[in-house]
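Each remark here refers to the structure printed beneath this line.
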Amino acid sequence: MHATHVFADYAAAFRQQPLPDEVVHHAKRAVIDWYASLFPGLASPPVQMLEQALVEDLDHGAARLALGRRATARTAALINGTAAHAAEVDDSFRDAMYHPGAATIAAALAAGQEAQASGLQFLRGVVLGYEISTRIGVVMGRPHYRYWHSTGTVGTFGAAAAAGGIHGLDATAFAHALATSATFAAGLQQAFRMDSMSKPLHAGRAAEAGLLAVTLARLGLTGSLDVLDGEAGLGQAMSTGPDWSQVGATLGRDFHITRLTFKNHIGCGHTFAAIDGALALQRQHGLAASDIAKVHVATYRPALDIACYQRPTTVNEARFSLSYVVATALLHGSVRLAAYEPARLNDPATRALMERLTVAVDPELDVAFPGQRAARIEIETTDGRRLSHLQPNRKGDPEEPLSDEELEGKLIELASPVIGSGAARALLARLWALDSAPTLDW
């Protein structure tokens, strides 16, 4: 039995089973976080360019963009998926090195609107997409993440599984939808190793590709069912021959959607342990920024590889600059949207502190990646003290999750500048009541 069969059989059984209340609650949390990520991304250049490029697919169709404009389902999935990843505040599943929400929920929403699904059907699709795609990401592992952007590659399966579940594909069609998705999976890490607008498109294209694979499977298109685990399949081509034998072992028992990381800062998540650790050390010793002579950050290798910009000059580079976000946090107490405004980006005090900040790989912390995202912070004060702190995880990780209230605050903060606080609170109320919503036509 191939991995595609394992997932297809689970999807067929999943359709007949009730979801535990806890899982429904966590699915709603994921959707709330997706909307919080979506709104600040709407003004990003890639999203605006997509709307210009795809104008023929807008103002008609069964789906909707974030602000209500009608669109074809594929275009809605593409644009909404891109927007949800553009501001770098979307969720992640740590063990898979993957942001599941951007593509999975964008495709689920488009498919749900297309199929006139209920809110609960939509949530079930979201859960199915998360459970299947995160397991593919875990199997593909760190060798895959070295070169490939998992949100683009693995996200294609999240989108396909979510849309396939919502459209009610039988086991055969579901397996073929996943198989076709594998041939669409793409997204290179090199795309964001220099200033570029391409990265959020990975999530959008994954949402669109998964939805297209389901549309074709509904029409009878077949794929190679051994495409994940075959001799020339995804595992061999994009990883180092991973073991697929246990890929479905915990399906239906261990719901990954209950163990997501929700971002508590804005920027690359690989920097967050360092931010949290620096702020914790500052609080513990009552340090003002003027008390800090030097800062040293030791963490795992991918944090340095991806958040690599030592002297960022653009917003995109700043979001992927470990030195910039840590210096910003120490000077201003947080890393929110304001951290990327021009005045802050060019703040002389921030730039001066960055010059006194060094980064390195800690072999012990690197070995623990991806299951743990930790950082070790050392601060040398102007009066000669040497202070250190090990930050074992990030605020927002499963060990220290955002509360429902904190998640609500994130949505209100990020949506209000776009739609107003009243509309943001009304949206929040609708999202908490999704499981009883008769439709998704808002």
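The values are calculated or read from the model by the stated rules, or taken from the named source; none is laboratory data. Quick caveat: nothing in here was measured; it's all calculated off a predicted structure. Neighbour counts run over all protein chains shown; Cβ positions are idealised from the backbone, glycine included. In case anyone asks, the SASA skips ligands and DNA or RNA and just uses the protein heavy atoms, side chains included. Shrake-Rupley method; radii C 1.70, N 1.55, O 1.52, S 1.80 Å.
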### Message
I need every pair where a residue in segment 365-393 that is within 19 Å of residue 327 (Cα to Cα) and of a type in the set (Lys, Arg) has its Cβ under 7 Å from the Cβ of a residue that is open to solvent by less than 70 Å² (accessible area, probe 1.4 Å) and in a helix (DSSP H, G or I), sequence separation at least 6 or different chains.
### Response
376/365
### Task
Output the number of the condition that residue 323 fails; it satisfies all remaining conditions of (1) within 24 Å of residue 399 (Cβ to Cβ); (2) at pLDDT 95 or above; (3) touching a Lys or Arg at 6+ places or on another chain (Cβ under 9 Å).
(1)
### Message
Quick check on residue 410: is it farther than 23 Å from residue 302 by Cα, basic (Lys, Arg) and in contact (Cβ under 8 Å) with a residue 24 or more places away in the chain?
### Response
yes
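Kindly indicate the residue of segment 427-442 that is part of a helix (DSSP H, G or I) and small (Gly, Ala, Ser) and also farthest from residue 69 (Cα to Cα) among those meeting that condition. Before the answer, list the steps.
Residues of segment 427-442 that are part of a helix (DSSP H, G or I), as a first pass: 427-432, 434-436.
Subsequent filtering for residues that are small (Gly, Ala, Ser) retains 429, 436.
Details: 429: 21, 436: 24 Å.
Per the stated criteria, the residue is 436.
Taking segment 338-355 on its own, how many of its residues are under 26 Å from residue 301 (Cα atoms) and surrounded by fewer than 16 Cβ atoms within 10 Å (Cβ to Cβ)?
3
Out of segment 132-147, which residues are more than 13 Å from residue 95 (Cβ to Cβ) and crowded, with 24+ Cβ neighbours inside 10 Å? Spell out the reasoning first.
Going residue by residue through segment 132-147, those that are more than 13 Å from residue 95 (Cβ to Cβ) are 132, 143, 146-147.
Correct list: 132 only.
Does residue 291 count as open to solvent by 10 Å² or more (accessible area, probe 1.4 Å), among the acidic types (Asp, Glu) and within 26 Å of residue 189 (Cβ to Cβ)?
Numbers: open to solvent by 10 Å² or more (accessible area, probe 1.4 Å): yes; among the acidic types (Asp, Glu): yes; within 26 Å of residue 189 (Cβ to Cβ): no.
Against the criterion (open to solvent by 10 Å² or more (accessible area, probe 1.4 Å), among the acidic types (Asp, Glu) and within 26 Å of residue 189 (Cβ to Cβ)), residue 291 does not qualify.
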### Query
Just for segment 382-426: of the residues that are part of a loop (DSSP other than H, G, I, E, B) and of a type in the set (D, E, K, R), which one is farthest from residue 366 (Cα to Cα)?
383
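Which residue out of 113, 121 is over 20 Å from residue 13 (Cα atoms) and part of a helix (DSSP H, G or I)? Explain how you work it out, then say what you get.
On the way: 121 fails: over 20 Å from residue 13 (Cα atoms).
That would be 113, the only listed residue that is over 20 Å from residue 13 (Cα atoms) and part of a helix (DSSP H, G or I).
What residue, among those in segment 26-49 that are of a type in the set (Gly, Ala, Ser) and assigned to a helix (DSSP H, G or I), is farthest from residue 204 (Cα to Cα)?
Our first condition is that a residue be of a type in the set (Gly, Ala, Ser); within segment 26-49, this holds for 27, 30, 36-37, 41, 43-44.
Imposing the further condition that a residue be assigned to a helix (DSSP H, G or I) reduces the set to 27, 30, 36-37, 41.
Details: 27: 20, 30: 17, 36: 16, 37: 13, 41: 12 Å.
The extreme case among them is 27.
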### Query
Mind checking whether some residue in segment 270-279 is modelled with pLDDT of 95 or more, under 15 Å from residue 327 (Cα atoms) and surrounded by fewer than 23 Cβ atoms within 10 Å (Cβ to Cβ)?
yes
### Query
Just to be sure, is residue 222 farther than 30 Å from residue 303 by Cα, β-branched (Val, Ile, Thr) and in contact with a His (Cβ under 6 Å, 6 or more places away or on another chain)?
yes
### Task
Would you please name the residue that is most open to solvent (accessible area, probe 1.4 Å), looking only at residues in segment 372-394 that are basic (Lys, Arg) and closer than 19 Å to residue 306 by Cβ?
376
### Task
Give the residues of segment 216-240 that are over 29 Å from residue 13 (Cα atoms) and either open to solvent by less than 20 Å² (accessible area, probe 1.4 Å) or in contact with a helix residue (DSSP H, G or I) (Cβ under 8 Å, 6 or more places away or on another chain) (or both), sorted by residue number.
238, 239, 240
### Query
Under the condition of being among the acidic types (Asp, Glu) and closer than 27 Å to residue 93 by Cα, which residue from segment 21-77 is surrounded by the most Cβ atoms within 10 Å (Cβ to Cβ)?
33
### Query
Which of the residues that make up segment 1-25 are outside any loop (DSSP other than H, G, I, E, B) and touching a helix residue (DSSP H, G or I) at 6+ places or on another chain (Cβ under 7 Å)?
4, 5, 7, 8, 9, 11, 12, 14, 22, 23, 24
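Can you name the residue in segment 316-336 that is assigned to a helix (DSSP H, G or I) and open to solvent by 50 Å² or more (accessible area, probe 1.4 Å) and is also farthest from residue 361 (Cα to Cα) among such residues? Walk me through it before giving the result.
So in segment 316-336, the residues assigned to a helix (DSSP H, G or I) come out as 316-319, 322-332.
Narrowing further to those that are open to solvent by 50 Å² or more (accessible area, probe 1.4 Å): 316, 331-332.
Numbers: 316: 23, 331: 24, 332: 26 Å.
Applying the filter and picking the extreme gives 332.
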### Task
Can you give me the number of residues within segment 106-153 that are over 16 Å from the mean Cα position of the chain (by Cα) and small (Gly, Ala, Ser)?
9
### Task
Could you tell me whether any residue of segment 356-371 is modelled with pLDDT of 95 or more, surrounded by 13 or more Cβ atoms within 10 Å (Cβ to Cβ), under 19 Å from residue 329 (Cα atoms) and in contact with a helix residue (DSSP H, G or I) (Cβ under 6 Å, 6 or more places away or on another chain)?
yes
### Query
Is there a residue being of a type in the set (Ser, Thr, Tyr) and under 30 Å from residue 14 (Cα atoms) anywhere in segment 246-253?
yes
